[in-house]
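Student: One structure, pasted below without further comment.
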Amino acid sequence: MRLIYTVSQLTKALKEIITSIGEVWVEGEVSNFRQPYTGHVYFTLKDEGSQIQCVIFKPLSLKMSFLPKDGMKVLVHGKLTVYEKGGYYEIRVDRVIPYGLGELQMALEALKRKLAAEGLFDAAHKKPLPKFPRKIGVVTSATGAAIRDIIRVISRRFPHVHILLHPVTVQGENAAKEIAEAIDTLNRIGDIDLLIVGRGGGSIEDLWAFNEEIVARSIFRSRIPVISAVGHEIDYTIADLVADVRAPTPSAAAEIAVPNAESLKEQINHLTARLIRTMRMRLEVEKERLEKLAAKVSPERGLDMVREMQQRVDVCYMRLTDLMRVRVEREKGRVNGLTLRLRGVSPLRAIRERWAELNELAGRLRSAASAIISLRRAELQKLAARLDALSPLAVLKRGYALCTDLKGRPVTRPDQVEVGDEVLVRFHEGGLRCLVTGKSDGGEDNV
Amino acid sequence: MEERITFEEALKRLEEIVEALESEELPLEKALEMFEEGIRMSRICSEILRKAELKVEELVKESDGTIRFVPFRPFEEEE
């Protein structure tokens, strides 16, 4: 004997050998399952010939969707190690899968790794969904709950789309092939905005088609964005991982697919109200501007501008009422409960009211301007009357005469002319040419 | 042409018009034009939303490979 180990040394040496084996998949029956207050899980995995200790540490043990029970056949995955203090080897388990699904599950894991390595799950390949899809292709069974749920949700939320169902078998041998082909077919049709691919809930075997490679590849190939809707909350299928968006159920997929018409109506009402408010404010500003201008510039020009403005508002208003009339005609005879209800919340009523206000406003604008104009006109007339009163012609009318020399210069004093000169005397109508025969500097007339 | 405008386009245009009218002082002529267009867009959106018409069709593949669309009538509960 060249070397004597202590127990600890030997255990350590064995531990190195055993941990070097690394990760293992082991199949067996569960016994002696215990979960003490620490939260860790312990059990023994055995078959006819042997047994091995297993442990699942917290917090993994708390997160697992599936925990084994005594007597269950399971497949476990974990790392081989040695519990030094106890001197026995054990598996530190990180996955537990019910027996029977074991092989499928391993194949699935392998496929997942392969597709992940190829980048099929990468976020970079995820296509954005259309905000307002017009035609939605659905790949599912024609007889299942999924299509009915989708139709129900869409008709409630946004009944303005075209749904095209491509019926397929969703479980059994041909399911995967049918699903994959349906996705390809819908991509060839050309005017489809969005695809929903899925089925209602079922056992993991029922959902298997959605874990197959051809389905994954057709989803990845799809030019149209795909929402996966496989009714299974816990595990993601491969279809879920490749899809652009994953929904937990077909109903949820429909919710994601379309917007809510009610909130859109609110948004449009809000925008329309803002539009009208802005325009009203603008017209107020224009009105003030026009009033100032009308006061500054000539009254007639101001009135012209006001008229032009009023006319434009009238034209707008008439066009709007025309548009509304066309709509009303079109809708006549289509009176059902729904349209009535919708009409109740229509923004057109508000628009009509706003237009009436707008029109009234324009009317006020016009009368304000004409008031200013008539005021100016009255002032002008008064001035003209005063001017008229001062006119020399008016004086002549009253019997006075105007005397000028032959050149038309007014003669207002005797010293402006000599005896023997000729002067002109103008009356209200006509005149005389007179010879000056004498002068006086006041008193009687002796001319 | 305007009949062909989609809901999405009409809504986007309405938003743009409201933004423009609120944020800049356009000439009155232009502002009235845009206002009119905005009212038209609002009308188009409301009209689309008013017309509730959910169309559901089913794709049928003939044996010769041609594709047909027929109205879809969901069967009674089966699953």
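The values are calculated or read from the model by the stated rules, or taken from the named source; none is laboratory data. Since this is a predicted model, take the numbers as computed values, not measurements. All Cβ positions, glycine included, derive from the backbone under ideal geometry; neighbour counts span all protein chains shown. Accessible surface areas use protein heavy atoms only, side chains included; no ligands, DNA or RNA. Shrake-Rupley method; radii C 1.70, N 1.55, O 1.52, S 1.80 Å.
Student: Would you kindly identify the helices (runs of 4 or more DSSP H) lying entirely within segment A:234-310 that contain at least 2 residues that are modelled with pLDDT under 85?
Tutor: The qualifying helices (runs of 4 or more DSSP H) are A:261-296.
Student: With the requirement that a residue be in a helix (DSSP H, G or I), touching a strand residue (DSSP E or B) at 6+ places or on another chain (Cβ under 8 Å) and either open to solvent by less than 10 Å² (accessible area, probe 1.4 Å) or not assigned by TED's automatic domain parsing to the domain that holds A:Leu186 (or both), what does segment A:105-156 give you?
Tutor: A:Gln105, A:Met106, A:Ala146, A:Ile147, A:Ile150, A:Ile154
Quick grid of which residues meet (1) on the phi > 0 side of the Ramachandran plot; (2) away from every other protein chain (no Cβ under 12 Å); (3) touching a Ser or Thr at 6+ places or on another chain (Cβ under 7 Å):
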| position | (1), (2), (3) |
| --- | --- |
| A:Leu120 | no, yes, no |
| A:Pro133 | no, no, no |
| A:Leu164 | no, no, no |
| A:Ala182 | no, no, no |
| A:Val197 | no, yes, yes |
| A:Gly201 | no, no, no |
| A:Ala209 | no, yes, no |
| A:Phe220 | no, yes, no |
| A:Pro225 | no, yes, no |
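Student: Those residues that are open to solvent by 10 Å² or more (accessible area, probe 1.4 Å) and of a type outside the set (Gly, Ala, Ser), I need them from segment A:251-263; list them, please.
Tutor: A:Glu255, A:Ile256, A:Pro259, A:Asn260, A:Glu262
Student: May I ask you to list the residues in segment B:25-54 that are free of Cβ contacts under 8 Å to residues at least 12 places away in the same chain and basic (Lys, Arg)?
Tutor: The answer is B:Lys30, B:Arg43, B:Arg50, B:Lys51.
Student: Can you name every residue in segment A:179-220 that is of a type outside the set (Asp, Glu), closer than 27 Å to B:Thr6 by Cβ, in a helix (DSSP H, G or I) and open to solvent by 20 Å² or more (accessible area, probe 1.4 Å)?
Tutor: A:Asn187, A:Arg188, A:Ile189, listed by residue number.
Student: Just name the residue that is nearest to the chain's Cα centre (by Cα) out of those in segment A:61-97 that are open to solvent by less than 50 Å² (accessible area, probe 1.4 Å) and not hydrophobic (A, V, I, L, M, F, W, C).
Tutor: In this case the residue turns out to be A:Ser61.
Student: So, B:Glu8, is that one over 19 Å from A:Leu164 (Cα atoms), at pLDDT 85 or above and either exposed (fewer than 15 other Cβ atoms within 10 Å of the Cβ) or touching a Lys or Arg at 6+ places or on another chain (Cβ under 8 Å) (or both) or not?
Tutor: yes
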